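Q: Input: one structure, supplied below.
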Amino acid sequence: MNFPDRNVPRWIIFLIDIAVITASLLASYMLRFEFTIPVVEQGPLIFAFPIYMIVRISSFLIGSTYAGVIRYTGTKDSTRLIKVILLGSLLFAVFNPVKYYFWDQAYFLPYTIIILDCFLSSTALIGYRLLIKMVYVEYRNPRSERQKVIIYGAGEAGVITKRTLDRDAGTSYEVVAFVDDNTDKARSRVEGASVFHTSALGALIVKYGVSQVIISIQEPNLENRRKVIESALANNARVLNVPPVRNWINGELSFRQIRQVKIDDLLGRKAIVLNQENVENQLRGKVVLITGAAGSIGSELARQIAGYGPLQLIALDQAESPLYELENELRLEYPSLNLEVVIGDIRREKRMARLFDAFKPEMVYHAAAYKHVPLMEHNPSEAVLTNVLGTRTLVDLSIAHAVQSFVFISTDKAVNPTSVMGSSKRVAEIYAQSSNGRGSTKFITTRFGNVLGSNGSVIPLFKKQIEAGGPVTVTHPEVTRYFMTIPEACRLVLEAGAMGEGGEIFVFDMGESVKIIDLARQMIKLSGLEPDKDIEILVTGLRPGEKLSEELLNDAENILPTHHPQIKRASVRPYNFEAVSEQITQLIDLFNMQNNDLLVQKIKSIVPEFRSNNSEYSKFDA
């Protein structure tokens, strides 16, 4: 059998349709009169037949039922055929009493014939189209060669997903089953495919040789979704995700919109619920300054704060290109936002003083920092200049200009630091904390771990390495890290800023720590590849200053609860501002000497818990 790729001419489909309705009318008479048409009915049939054909042919022409490509027949084509046939049958039914009462007291067609013909015509017209489509699909891509698919979610979105696959990619994919968390749906059938409980996913993948699992549930239980992804990856099946309904084009799902899941879906947790009223009261109608606004955290803070209606939003950074991109994004998304984009370096006191004089910010979110551990280990003077001097400059200016709240975004690497970067952030924490009470400004510090997809973090690095064919580099097989998404980290920053009274260090619930090597394996599998087979994982050794695992509290700190379950308050010892200020001034003054050893020794005297790891500065810890 040979199916050419070119379409069958429309006139041939039109003639076949005419033959089908002719046969359907005759079959209706044969069924009605038990396969023998009485002589008394033959005359009316001969009279009615030309009118019947004129009505049907006209309805086909008006409805263009012959214009579709048969091998792509779908729900819309079938619906159009049914409407056309039904409309013609209604015309026959309406014409019956007209002919009976105003003509010769005889029906045009018996009502039973009209009903039978409507059913047989619709069934036959749709049936032969679907039959040709099935034969074509099987010929072009035999069932044994199609990729087997399981859909997670047997609800409305799952049904739409299957129909989309059948319509857009039916020759390449076959949905062999649905899985669903609802036990009541198990052992039922949806769109011809059996429904199983989600717990059976692993066994189903093995049984049917499934290559892909599609998550169709719009708002799944995050823990269940994570288990589905892990089960699919463990059985070498790719995992795809149906986008939210709001992203469907003209309200209709397209096969091209079904995309590969992101690593965020494996590490994500329950959505964070903010006290919207508190955050809005904090931000609406205020002049808000964000430092480091071009970075991952700073830019997301800008997006979220813009939605709360600030009087003015000042985005400060020294990175020109990403700041320009953020400006374009915010002006497009929030056309009425009073946005001021400032290129500037937080280490330049006169530039920052000019900024505070000109805009008089009421809220400051300080996200600007050098954050790369190995780079700062080799450049401690720059870490001191940006992370310490820059923070001190902003803190002092905030007090001088009576800023209401100063939210300092710190890091878990400041806890029991093993690196210059972490210890410099801890020095900045101490200065901000000890400055609380010097004026009316409330100084609030927030600590959290790694954020997914931030600039220079491990996840974008792994993506690039996988795209390049490997190897994926991991510093140590036992390295673990805490992760949260950028949006949830920023939501917690806003919540902490709204609840802070001044002087606190807020610690975010980071969930469970993740082994970086496991993360690498999962990302390779999410890309449809096999770890250590398609992509090599290479252990390179700990980098200077790097920890095996991160902490959120040091040995002298305790955790206190807050009203938000995902935000805790660290109970930290107070510092004398005068003593701290003198020490930090001495540290900053050492910059001019450009002696890394002296700088690091001074940091260690300010932060006694600073113990260098895998670093040349370990010699000062004896």
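Q: Just by accessible area at a 1.4 angstrom probe, what is the order of 184, 396 from largest to smallest?
A: Output order, biggest surface exposure first: 184, 396.
Q: Oh, and also: Quick one: Karplus J couplings for the stretch 607-622, per residue in order, coefficients 6.51, -1.76, 1.60, θ = phi - 60°, nearest Hz, x for Gly and Pro?
A: Values per residue, Gly and Pro as x: 10, x, 7, 5, 10, 5, 10, 6, 9, 5, 7, 4, 5, 8, 9, 5 Hz.
Q: If one takes the longest principal axis of the Cα atoms in the chain, at what angle in degrees, from 0 to 90 and to the nearest 10, does the Cα axis of helix 39-63 lie?
A: In the chain, helix 39-63 runs at an angle near 30 degrees to the longest axis.
Q: Next up: Please list the non-local residues whose amide H lies under 5 Å from the amide H of residue 312, H modeled 1.01 Å from N, same-chain partners needing a gap of 5 or more.
A: 286, 287, 288
Q: Each residue of the stretch 221-238 in order: what ³J(HN,Hα) in whole Hz does its phi give by Karplus 6.51 cos²θ - 1.76 cosθ + 1.60, θ = phi - 60°, with x for Gly and Pro?
A: Computed from phi, the couplings for the stretch 221-238 are 5, 4, 5, 5, 4, 4, 5, 5, 5, 5, 5, 5, 5, 5, 10, 6, 9, 6 Hz.
Q: From the protein chains alone at 1.4 Å, what is the descending order of accessible area for 30, 376, 593, largest first?
A: Per-residue accessible area, sorted high to low, gives 593, 30, 376.
Q: Here's a follow-up. Write down the Kirkwood hydrodynamic radius of the chain, to one decimal in angstroms, obtained as one divided by the mean of 1/r over all alpha carbon pairs.
A: Averaging 1/r across every pair of different Cα atoms and inverting gives 29.6 Å.
Q: So what are the ³J(HN,Hα) numbers for the stretch 435-442, from phi and the Karplus equation (6.51, -1.76, 1.60; θ = phi - 60°), rounded to whole Hz, Gly and Pro as x?
A: 7, 5, x, 6, x, 7, 5, 8
Q: List the residues whose amide H sits under 5 Å from the amide H of residue 569, counting only those 5 or more places along or on another chain, with H placed 1.01 Å from N in the peptide plane.
A: Result for residue 569 returns 507, 560, 562.
Q: Using the per-residue mean of other Cβ atoms lying within 10 Å as a proxy for protection, in what order, highest first, do the peptides 485-495, 516-526 fall?
A: Most protected by this proxy first, the peptides run 485-495, 516-526.
Q: Show me 435-447, 339-351, 319-331 ranked by packing, highest mean number of other Cβ atoms within 10 Å first.
A: Descending packing order for the listed peptides: 435-447, 339-351, 319-331.
Q: Compute the relative contact order of the chain as a whole-number percentage, counting only Cα pairs closer than 8 Å that sit 6 or more residues apart in sequence.
A: Once normalised by length, the contact order is 10 percent.
Q: Restricting to bridges with both residues inside the chain, how much of the DSSP beta-bridge set is antiparallel, in percent to the nearest 5?
A: 25 percent
Q: For the stretch 428-530, what is the number of Lys pairs with C-alpha distance below 19 angstrom, counting only pairs 8 or more positions apart or on separate chains?
A: Lysine pair count for the stretch 428-530: 4.
Q: Related question: Quick one: which residues, 5+ away or cross-chain, put their amide H under 5 Å from the amide H of residue 215? H built at 1.01 Å from N.
A: Correct list: 152, 240, 241, 242.
Q: Another question about this same structure. Under 14 Å from the Cβ of residue 365, count the other residues' Cβ atoms, weight Lys and Arg +1, Asp and Glu -1, and hand me the total.
A: 0
Q: Here's something else I'd like to know. Can you work out the accessible area per residue across the chain, with the rest of the protein chains kept in place, probe 1.4 Å, in square angstrom?
A: Solvent-accessible surface per residue comes out at 47 Å².
Q: Please work out the FRET efficiency for the pair residue 219 and residue 598, using the Cβ-Cβ distance as r and a Förster radius of 41 Å; give the result to the nearest 0.05.
A: According to the calculation, E is roughly 0.15.
Q: Please determine, in degrees from 0 to 90 and to the nearest 10, the orientation of helix 391-400 with respect to the longest principal axis defined by the Cα atoms of the chain, where the helix direction is its Cα long axis.
A: With rounding to tens, the tilt is 80 degrees.
Q: How do 537-545, 298-306, 397-405 rank on mean C-beta neighbours within 10 Å, highest first?
A: 298-306, 397-405, 537-545
Q: Related question: Which percent of the accessible area of the stretch 397-514 is formed by carbon and sulfur heavy atoms (probe 1.4 angstrom)?
A: After summing per-atom areas, the C and S share lands at 48 percent.
Q: To the nearest 500 deg cm²/dmol, what mean residue ellipticity at 222 nm is calculated for the chain from DSSP H runs of n ≥ 4 alone, each contributing -39,500 (n - 2.57), summed and divided by the residues?
A: It comes out at -14500 deg cm²/dmol, rounded to the nearest 500.
Q: Another question, if that's okay. Figure the gain on full extension for residue 184 and residue 234 (residue separation times 0.36 nm, minus the Cα-Cα span) and round it to one decimal in nm.
A: 15.3 nm
Q: Follow-up question, since we're still on this one. Helix 596-606 against the longest principal axis of the chain: what's the angle in degrees, Cα atoms only, rounded to the nearest 10?
A: Tilt of helix 596-606: around 90 degrees.
Q: On to the next question. Sequence neighbours fewer than 8 away in the same chain don't count; with that in mind, list the lysines whose C-alpha is under 16 Å from residue 604.
A: Qualifying lysines at Cα under 16 Å: 413, 425, 619.
Q: Run down the lysines and flag those whose C-alpha is under 18 Å from the C-alpha of residue 76, throwing out any fewer than 8 positions away in its chain.
A: Partners found: 133, 162.
Q: Excluding same-chain residues fewer than 8 positions from residue 262, which aspartates and glutamates have a Cα within less than 14 Å of its Cα?
A: 230
Q: Efficiency by 1/(1 + (r/R0)^6): what FRET value for residue 534 and residue 276, r their Cβ-Cβ distance, R0 = 60 Å, to the nearest 0.05?
A: It comes to 0.85.
Q: If you don't mind, another one. Quick check of the Kirkwood formula: for the stretch 312-404, what is the inverse mean of 1/r over all pairs of different Cα atoms, in Å?
A: Hydrodynamic radius (Kirkwood, Cα pairs) of the stretch 312-404 is 14.4 Å.
Q: Let me ask another. Can you check what the net charge comes to around residue 346, using other residues whose Cβ is under 11 Å from the Cβ of residue 346 (Lys, Arg +1; Asp, Glu -1)?
A: +1
The values are calculated or read from the model by the stated rules, or taken from the named source; none is laboratory data. Bear in mind the structure is a predicted one, so any value in this text is a computation, not a measurement. Every residue, glycine as well, gets a Cβ built from its backbone with ideal geometry; the counts of neighbours run over all protein chains shown. Ligands, DNA and RNA are excluded from the accessible area calculation, which covers all protein heavy atoms including side chains. Shrake-Rupley method; radii C 1.70, N 1.55, O 1.52, S 1.80 Å.
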